[in-house]
1. Within region 91-126, work out how many residues are part of a strand (DSSP E or B), modelled with pLDDT under 95 and of a type in the set (S, T, N, Q).
2. List every residue pair whose Cβ atoms sit under 8 Å apart, with the two residues 6 or more apart in sequence or on different chains, where the first one lies in region 187-215 and is in contact (Cβ under 8 Å) with a residue 60 or more places away in the chain and not assigned by TED's automatic domain parsing to the domain that holds ALA136 and the second, anywhere, is of a type in the set (Val, Ile, Thr) and assigned to a helix (DSSP H, G or I).
3. Do the conditions hold for LEU66, that is, is it aliphatic (A, V, I, L, M), in contact (Cβ under 8 Å) with a residue 40 or more places away in the chain, within 18 Å of PHE8 (Cα to Cα) and in contact with a strand residue (DSSP E or B) (Cβ under 8 Å, 6 or more places away or on another chain)?
4. Name the single residue that is nearest to VAL165 (Cα to Cα) among those in region 115-132 being crowded, with 18+ Cβ neighbours inside 10 Å and of a type outside the set (Val, Ile, Thr).
5. With respect to ALA181, determine if the residue is closer than 17 Å to ILE100 by Cβ and assigned by TED's automatic domain parsing to the domain that holds VAL103.
6. Which of (1) crowded, with 18+ Cβ neighbours inside 10 Å; (2) under 30 Å from GLY213 (Cβ atoms); (3) of a type outside the set (Gly, Ala, Ser) does ILE143 not meet, given it meets every other one?
7. So SER95 passes all but one of these: (1) touching a residue at least 12 places away in the same chain (Cβ under 8 Å); (2) over 30 Å from ILE170 (Cβ atoms); (3) polar (S, T, N, Q). Which condition number does it fail?
8. Please determine whether any residue of region 18-38 is surrounded by 13 or more Cβ atoms within 10 Å (Cβ to Cβ), outside any loop (DSSP other than H, G, I, E, B) and at pLDDT below 90.
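The values are calculated or read from the model by the stated rules, or taken from the named source; none is laboratory data. Treat the numbers as computed from the prediction; the structure is a model and nothing was measured. Here the Cβ is made from the backbone with ideal geometry for all residues, glycine too, and neighbour counts use every protein chain on show.
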Amino acid sequence: MRIVVRLFAAHRERAGRSSLEIQLPEPATVEDAFNSLARTYPALGETRQFTTFALNRSVVDPDQALSDGDELALLQPVSGGGPEPVIEITPESLSVERCIRAVESPSSGAIVTFLGTVRDNSEGKATDHLEYEAYAEMASEVIRGLAATAAERWSIDRVAAQHRVGQLQIGEVSVVVAVSAPHRGEAFEACRYIIDRLKTEAPIWKKEFGESGEMWVGGPISDMQAPGSSA
């Protein structure tokens, strides 16, 4: 497939041009396109940690699929603002490594991560597995707002957060939050703030399957059995 790539500011300087076309085999993602560019223009590879992507003039995640004729733009933070937080609501397995890479910064002296995992019990009853459902677009905006508030309260560099949706088995990671900061105290405080508020404010719901049957946890129906579940 043929992809048109637009380059601005530091990306333009490193590649020595403002636009170009690349050919990619199908299927391909935004990340694949960036990796292809980095092989041709190695200096671009050094920008990955602060690069965000716009596909056909809309900001997208790196795993977004590409189509023939798409226009992909490489973006850096605008003047006066820090890097956009990496926020992902996904049915795929989460990546702690990706979150850590997203928040790495030369100015950071600490990176704090939080992982939420599926446990095998709830309130003394055995749990078989969980199912998460989300209003993904709104949840992403809520988490983005929490990251912005954290940046106002503490001196932090970058934030990344991922949350799973769909069915999760015991031991799987359901949520990851990573925060980088010059000092560990602020990184710890900001990370705790984001995960605590995420659990109560983001429109993400959990359904437990286990010894007590099927039950949605949280919200006004938390004490009600789901239709068709057994006691």
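1. Total meeting the criteria: 2.
2. As it stands, the answer is none, since no pair meets every condition given.
3. Details: aliphatic (A, V, I, L, M): yes; in contact (Cβ under 8 Å) with a residue 40 or more places away in the chain: yes; within 18 Å of PHE8 (Cα to Cα): no; in contact with a strand residue (DSSP E or B) (Cβ under 8 Å, 6 or more places away or on another chain): yes.
No, not satisfied.
4. Applying the first criterion (crowded, with 18+ Cβ neighbours inside 10 Å) to region 115-132 yields 118, 130, 132.
When the remaining residues are screened for being of a type outside the set (Val, Ile, Thr), the result is 130, 132.
Numbers: LEU130: 10, TYR132: 5 Å.
Looking at the filtered set, the residue picked out is TYR132.
5. Details: closer than 17 Å to ILE100 by Cβ: yes; assigned by TED's automatic domain parsing to the domain that holds VAL103: yes.
The answer is yes for ALA181.
6. Condition not satisfied by ILE143: (2).
7. (2)
8. no
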